[in-house]
Protein chains: 2
Amino acid sequence: MGVSLKDIAERAGVSLATVSNVVNGYRPVGESTRQRVQQAIDELGYTPNLSARHLRRGRTGLIALAIPELTNPYFAELADVAIREAAGLGYTLLMENTAGERTEELTLLDGAQRHIIDGLILSPVAIGRNEVLGRRAQLPLVLIGEGVYDVPYDHIAIDNVAASRTATAHLVALGRRRIAFVGAPPWDDRQSAHLRIRGYREALVEAGMPFDLRLVAPTAQFGRTDGERAMRHLLTLDEPPDAVLAYNDLTAIGALRALARAGVRVPDDVAVAGIDDIEEGRFSNPTLTTIAPDKREIGRLAVRRLVARIEGDARPPAHEQPTFRLVERESSGSTR
Amino acid sequence: MGVSLKDIAERAGVSLATVSNVVNGYRPVGESTRQRVQQAIDELGYTPNLSARHLRRGRTGLIALAIPELTNPYFAELADVAIREAAGLGYTLLMENTAGERTEELTLLDGAQRHIIDGLILSPVAIGRNEVLGRRAQLPLVLIGEGVYDVPYDHIAIDNVAASRTATAHLVALGRRRIAFVGAPPWDDRQSAHLRIRGYREALVEAGMPFDLRLVAPTAQFGRTDGERAMRHLLTLDEPPDAVLAYNDLTAIGALRALARAGVRVPDDVAVAGIDDIEEGRFSNPTLTTIAPDKREIGRLAVRRLVARIEGDARPPAHEQPTFRLVERESSGSTR
């Protein structure tokens, strides 16, 4: 220890303010200057004490991002953005895996870690609106995702109805007439899949096509295995689908696998689309058409909102809707 | 607050010890009993204060797992195991993303978070043996992965030379004669890819085949994009390969994509194998032959070792080698 920011400033030949900007991330610093400061830090063996300025304010400088599925790349990609955003604001982001379990979500909601973290970003899956409304803890909270709506907390989520309506309309525009939905959950108002099924239904109705429950395949979870199993089931129908919208990219990739094993051509016989735009879908064979939510914006807004709350922002909670876009790839007919 | 374990025991009609076992995970509890206790916890709104018993011992009950790539499913799958193992031992595992960056790894190594965590599991990528040997921090440390060998810390890693030798020998046994390696790093002794290339080379030599540097394709990183690019390069050779061993599953999946786009049949024209056994490879088209390290054992051992050190184990550091196995799938000719 014993190495101060001043030592680094002298070694790097820059001002103390510049070193502070590099170390604390308050303000952007030019790349060559940043490298010079970094070199001085490495040479002197300085260990940044990120939490000193937080501790002075009664904070730890730690925030948590609680996600339901560590092994779903969507959340890993989102966490990647959030970690960088938090670092830029001088906070360290920890990841918590709730595994979509009710007890885990409730424990976090009620502030079990309030002695450690300054605030929480939560993507609820197993708990509903009432649990969030009944929360007693004061720890700043930002919600992301589609689990819970209309609660007095900042909430960041894309318009899920519009997203699946857009994907379904794309399949309709290809001339498909038996469009299935893979990944239906229990019929529960608060679940995003309901919103996604609503968008799917709206697009069908708009196109003058029937909403046929036989083409809506329920799944236990939303992983690759679930999508594969549901697709296998759809292929056993007397009139199998000629297109599939999946709840997310993982279930879509499971569906692609079932189709490949059954010797069904994609997109010729069955077109497939997912939602999430995970990197895997850019490399699958065929590549996967999907709805790309603006993950960068979701991660950025969630962290910025939370930090603002931690630092005293008392404005009314806001519901922000980052944008999304349709990405056409091979699974719905595009050549790349 | 105000809800105690005793309140829960009364409500659930079980002993205090049973409640403690459920809450602290000291000992397994029968499922029906566990559910009864859980219900009482939910009804009473009890918030487990996991850290109370740690704080009495001057600990926080938090350990960190620092991984180089949050978006590499191998690490997400490993973290999933480690989080459960830690919970079973009464610890909360936090994930840190070093992004494979030297400064991040050094900061962690030197105990920047020692006021927060009781110990660290690190998978080093950018730092080498000397940096680890020069470490001054006393925070318990367990190393995983292939980055650094022969240091006085517990180290958990599979035998990487044997793993890639096994995969290469499998491709040799298929009758392939021009076997490429995708994912070569800079030639640096401490890098695992060197160990993996060594195993690849040993298998070739054993089969009486030449080690041809033209068939060893370097990559900047070890992601899907890197594998795709390297494979495209190999396909431009006068005599392209008839088989590929990739550094890991992600680069192998990139290679599969390049082969599909080029209209090259897998495994007929080119057989492909990876290392890691990530779930994605069980669903790719074709499915991916791979080396499956015992991830459960790696995660289990890393956490157990670390917790033992935190709780006073002073035995000499050990290097443990969990097992691995070859998983044959479609990309090397198996029919499933």
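Give B:205, B:272 a once-over and let me know the one that is at pLDDT 95 or above, buried (at least 21 other Cβ atoms within 10 Å of the Cβ) and not in a loop (DSSP other than H, G, I, E, B).
B:272
Matching residues to (1) at pLDDT below 95; (2) aliphatic (A, V, I, L, M); (3) more than 24 Å from residue B:255 (Cα to Cα):
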site	(1), (2), (3)
B:137	yes, yes, yes
B:145	yes, no, no
B:151	yes, yes, yes
B:156	no, yes, yes
B:181	no, no, no
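Given the options B:121, B:127, B:116, name the one that is assigned to a loop (DSSP other than H, G, I, E, B) and crowded, with 19+ Cβ neighbours inside 10 Å.
Details: B:121 fails: assigned to a loop (DSSP other than H, G, I, E, B); B:116 fails: crowded, with 19+ Cβ neighbours inside 10 Å.
Result of the check over B:121, B:127, B:116: B:127.
Condition first: more than 30 Å from residue B:259 (Cα to Cα) and more than 14 Å from every other protein chain (Cβ to nearest Cβ). Now tell me which residues in the range B:279-302 satisfy that.
B:297, B:298, B:300, B:301, B:302
Of all residues in the range A:85-113 being part of a helix (DSSP H, G or I) and either at the interface with chain B (Cβ under 9 Å from one of its Cβ atoms) or touching a residue at least 60 places away in the same chain (Cβ under 8 Å) (or both), which is most open to solvent (accessible area, probe 1.4 Å)?
Here the residue is A:102.
If you scan the range B:39-52, which residues turn out to be open to solvent by 30 Å² or more (accessible area, probe 1.4 Å) and either of a type in the set (D, E, K, R) or at pLDDT below 80 (or both)?
Answer for the range B:39-52, where residues must be open to solvent by 30 Å² or more (accessible area, probe 1.4 Å) and either of a type in the set (D, E, K, R) or at pLDDT below 80 (or both): B:42, B:43, B:44, B:46, B:49, B:50, B:52.
Among the residues of the range A:238-262, what is the count of those that are in contact with a strand residue (DSSP E or B) (Cβ under 9 Å, 6 or more places away or on another chain) and either not in a helix (DSSP H, G or I) or not assigned by TED's automatic domain parsing to the domain that holds residue A:204 (or both)?
Narrowing the range A:238-262 to residues in contact with a strand residue (DSSP E or B) (Cβ under 9 Å, 6 or more places away or on another chain): A:240-256, A:259.
Adding the requirement that they be either not in a helix (DSSP H, G or I) or not assigned by TED's automatic domain parsing to the domain that holds residue A:204 (or both) leaves A:240-248.
So the count comes out to 9.
If you scan the range A:147-175, which residues turn out to be part of a loop (DSSP other than H, G, I, E, B) and in contact with a Lys or Arg (Cβ under 8 Å, 6 or more places away or on another chain)? First the steps, then the outcome.
First, the residues of the range A:147-175 that are part of a loop (DSSP other than H, G, I, E, B): A:147-153, A:157-159, A:174-175.
Within the range A:147-175, A:147, A:148, A:149, A:150, A:151 meet the criteria.
Can you find a residue that is in contact with an Asp or Glu (Cβ under 8 Å, 6 or more places away or on another chain), within 12 Å of chain A (Cβ to nearest Cβ), of a type in the set (D, E, K, R) and open to solvent by less than 40 Å² (accessible area, probe 1.4 Å) anywhere in the range B:313-336?
The answer is no; no qualifying residue exists.
If I filter the range A:286-302 for residues that are in contact (Cβ under 8 Å) with a residue 24 or more places away in the chain, in contact with a Phe, Trp or Tyr (Cβ under 8 Å, 6 or more places away or on another chain) and in a loop (DSSP other than H, G, I, E, B), do I get at least one hit?
Among the residues of the range A:286-302, at least one is in contact (Cβ under 8 Å) with a residue 24 or more places away in the chain, in contact with a Phe, Trp or Tyr (Cβ under 8 Å, 6 or more places away or on another chain) and in a loop (DSSP other than H, G, I, E, B), which makes the answer yes.
List, please: which pairs have Cβ atoms under 6 Å, are six or more places apart or on different chains, and start with a residue in the range A:158-185 that is over 11 Å from residue A:273 (Cα atoms) and in contact (Cβ under 8 Å) with a residue 12 or more places away in the chain and end with one that is open to solvent by 40 Å² or more (accessible area, probe 1.4 Å) and assigned to a helix (DSSP H, G or I)?
Pairs found: A:161/A:198; A:165/A:202.
Would you please name the residue that is nearest to the other protein chains (Cβ to nearest Cβ), looking only at residues in the range B:214-252 that are touching a Ser or Thr at 6+ places or on another chain (Cβ under 6 Å) and of a type in the set (A, V, I, L, M)? Reasoning before the result, please.
We begin by selecting, within the range B:214-252, every residue touching a Ser or Thr at 6+ places or on another chain (Cβ under 6 Å); these are B:222, B:226-227, B:230, B:245, B:249.
Going one step further and asking which of them are of a type in the set (A, V, I, L, M), we end up with B:230, B:245.
On the way: B:230: 14, B:245: 18 Å.
Here the residue is B:230.
The values are calculated or read from the model by the stated rules, or taken from the named source; none is laboratory data. Just so it is clear, the model here is predicted, and its values are computed rather than measured. Cβ sites come from the backbone with ideal geometry, for glycine too, and all protein chains shown count toward neighbours. The area values use the complete protein model at the heavy-atom level, side chains included, leaving out ligands, DNA and RNA. Shrake-Rupley method; radii C 1.70, N 1.55, O 1.52, S 1.80 Å.
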